[in-house]
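Peer 1: One structure follows; several queries about it will come next.
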Amino acid sequence: MQTRSRPPLGLNPVWWLNILLVATATALFFVLAKGLPPLADPHLSWWMLVPAFVVAERCVVHLHFRRSAHSFSLGDIPLVFGLIFAGATDLMAAVLVGTALTLLLDRRLPPIKLVFNLAQFALAACVGILVVHALVPSPEHLGPHVWATVFLATQAGGVLTVLLIGLAISLSEGAVQARTLSHMLAMDFVVSATNTSLALAGAIVVETDARAIPLLVVPAVTVFLAYRAYLLERQRHERLEFLYEATRTLARSPEIIQALEGLLARSLEAFRAELAEIVLFSSDGGPPLRTTLGPGDYRQVMEPIDPEIAEHLRALVDTDGPSVRLARPFGSQPLGKYLDGRLVTDAMVAMLPGENRVIGTIMLANRFGVIRSFSDEDLKLFETLANNASVALQYDRLEQAVLQLRTLQEQLHHQAFHDSLTDLANRSLFINRVREELSGGSSEVAVLFIDLDDFKTFNDSFGHGAGDELLVAVSGRLRDSVRPGDTIARLGGDEFAVMVHDTHSAHEDAVLVSERIMRAFEEPVEAAGETISVHLSIGIATTQDSRHADELIRNADLAMYEAKESGKGRFEIFDLRMRDRVLKRHGLKEELQRAVERGEVIVEYQPIADLATGAVVASEALVRWNHPGRGRLLPGEFVPLAEETGLIRALGQFVLEQACMKARAWQEADPERPQSIHVNLSAVELHDPELMTTVETALRASGLDPSLLVLEITESLIKDADMSAPTLRALRAIGVRLALDDFGTGYSSLSYLRSLPLDIIKIAKPFVEDMQAGRQENSFVRMIVDLGRALDLHVIAEGIESAEELESLRALGCELGQGFYLAAPLDLTSDPAPPALVAHRAAG
């Protein structure tokens, strides 16, 4: 909700308008109007006009806005009589007393509206008096000249009244649309013209023979009933339009939560209510969930509420009485306390009927406007709305879809910022936390970059499963070693990080935390049935050298390498000379530049199989570096350096060209069964303006059909989907297919699965590892497979390393997979034939 700035003294802007109106009306009356005589006989005293104003103002119909209304009445009739037969003082007294009695006794308006109405009535009467006496300066017989003058005076007062009401509504509720204002002016013109004509006819009768006045009662009543019939018909039309638009909104909303919020927002507007909420009842014993809009900009989505309150709401409605009005007191004590706590004064509650049970309730409360309670017509419309909503939301599937969506969103959001193995913060969350701390103006921050010494040796000796157990054990001991307020993360592999913040001496505190971590690992760690001595190398960087998060972490990383080079099992503090010293010592940059030329960089291919038949349908290109001194290096050991130094473009182009040539050779060797080739894109490549040229050149040079090339991107690369979408659409336009790698571990969002031009999603290895045969119904993988099927995306499971995982994936209907259990990455440099069946076990 937009908050308007308040004038001095904290008054509501309408009060300032009221003061201006009162001052203007007072000045006009006492300076110009007071003492002006009647235009014709007989002369009417103020007390004779008061009853006429009371009766006329009670014959009223309202054109409602959100919190206000423009009222149409028969008030022009006594005003015309007063302009002709009463002096200015008598007419002003009659206007103020007659309208005040009606407003106080009948409409019971709050003080701000009461003063506004009295002031604008008085100002309109003054304008009418001045117009009449300006054009008819002396009393005369009622003729066309007087008729036209009085008609002009009432129209001037009517236009002024509409403009003032529009201004007051704009100050309190927001600008009135031009279309609405024009409708108000047109309606007021018709009403004022009709009333004035009727009153002028009555004035002529009074001047001629006052005994004929009762003959005017019937036409006056007829006119009033015509006004009311018109506005009632208009309201019926608006109600039908509201039902149509609400149902269409529900049916077309792509997500259930969006549909619920859209329904509540439209209901608030249509019924001029302050609060709207839907409560959904669970069929499996789970807590009831409430979605609320209002008062104001308050918003609550799918939050649990007290089951006892939900049961009391359910008890209010049934098939015989599907909707009900509520007013204080609210019946049962728990329900009354609940509604009183939400400041509910008047409400309507309707049930959302399912096929076999009541699946929820919908409530609207606290109506705005002149009429503050809900009518029988409102209740009927509300009941129809609830029934239509249940149909549009497909009955009981509403609850199921909402719960599944909520669970999936929560899990994906958690996965986006947490490491799936240790449940620590991941690299993305850690970098964000460091950035937030630095932007918050903290005096000093320190980052500890932690690496396990000789972890690769342990992993190779005991296997990946044992390595994962060791990492979990290490993460637990790290949690116990840091301070409660510090942030700990797993950056990947065997690398961890700690942010030491809220400190005035980051250097000293970082050293103390590092020493405590070292002491914590003096005792062996239990993992995989073994007692293992774990040693760590720690690098420390503080904001003394940089206040940029990425550079601070990189500095800590370099300090960690210095600790390893200095003998491991120790910590080092970063200094500016260390960066050049580490890079020079390793010489990896220069070596990597020459690695492609020397033939040290090779591409291996891991088959992707049809899980039902075992047939290889594609292969993923995986880059390796055969380092002459350090052996075969995996991408994680040199790709970050390539990205940092700018060599990633040349390296990525080499892999892409090799993969396209290999896929083309497979196509020629077996044209009946062409296999796709998957190539990974790094973050730098995805945002490289030359990417399209690089891909088109590789396809043209190899002669490969673009539909056989699949480019894989990880979720962490598309946290800004709007930035990535144009590049991805351009790739799709030339026929290249796109895959989302490691789905569920990055910036997962259901919205970008719909907005980005994807063809394939790949289930991340950690999810596959957690699967167990016979527990598919509780598997997170099932959600991803169903999601892919619903969005017409192929689904590939990564990291299949056991028969149990394979069988579970088959049972879930996952169509494709890859992993060491099916086939390891293959060096096919000299083999032109494509991979065939990956293994007999893949075919079942």
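FYI, it's all coordinate maths here, none of it is from the lab. Owing to the predicted nature of the structure, the values given are computational and were not obtained by experimental measurement. Counting neighbours? That spans all protein chains shown, and the Cβs are built from the backbone with ideal geometry, glycine included.
Peer 1: E690 to R328: extension gain in nm, 0.36 nm per residue of separation minus the Cα-Cα distance?
Peer 2: 123.4 nm
Peer 1: For the range 160-194 and the range 288-312, compute the distance between their C-alpha centroids and round to whole Å.
Peer 2: For the range 160-194 versus the range 288-312, the Cα centre distance is 37 Å.
Peer 1: Excluding V617 itself, calculate the net charge of residues whose Cβ lies under 11 Å from the Cβ of V617, where each Lys or Arg counts +1 and each Asp or Glu counts -1.
Peer 2: Value of the local net charge: -1.
Peer 1: Would you kindly state how much longer the chain becomes between E303 and T180 on full extension, computed as 0.36 nm times their sequence separation minus their alpha carbon distance, in nm to one decimal?
Peer 2: Extra length from E303 to T180 when fully extended: 40.5 nm.
Peer 1: Follow-up question, since we're still on this one. Under unit Cβ charges (Lys, Arg +1; Asp, Glu -1), what dipole magnitude, rounded to 20 debye, does the range 265-379 have relative to its Cα centre?
Peer 2: That gives a dipole near 300 debye.
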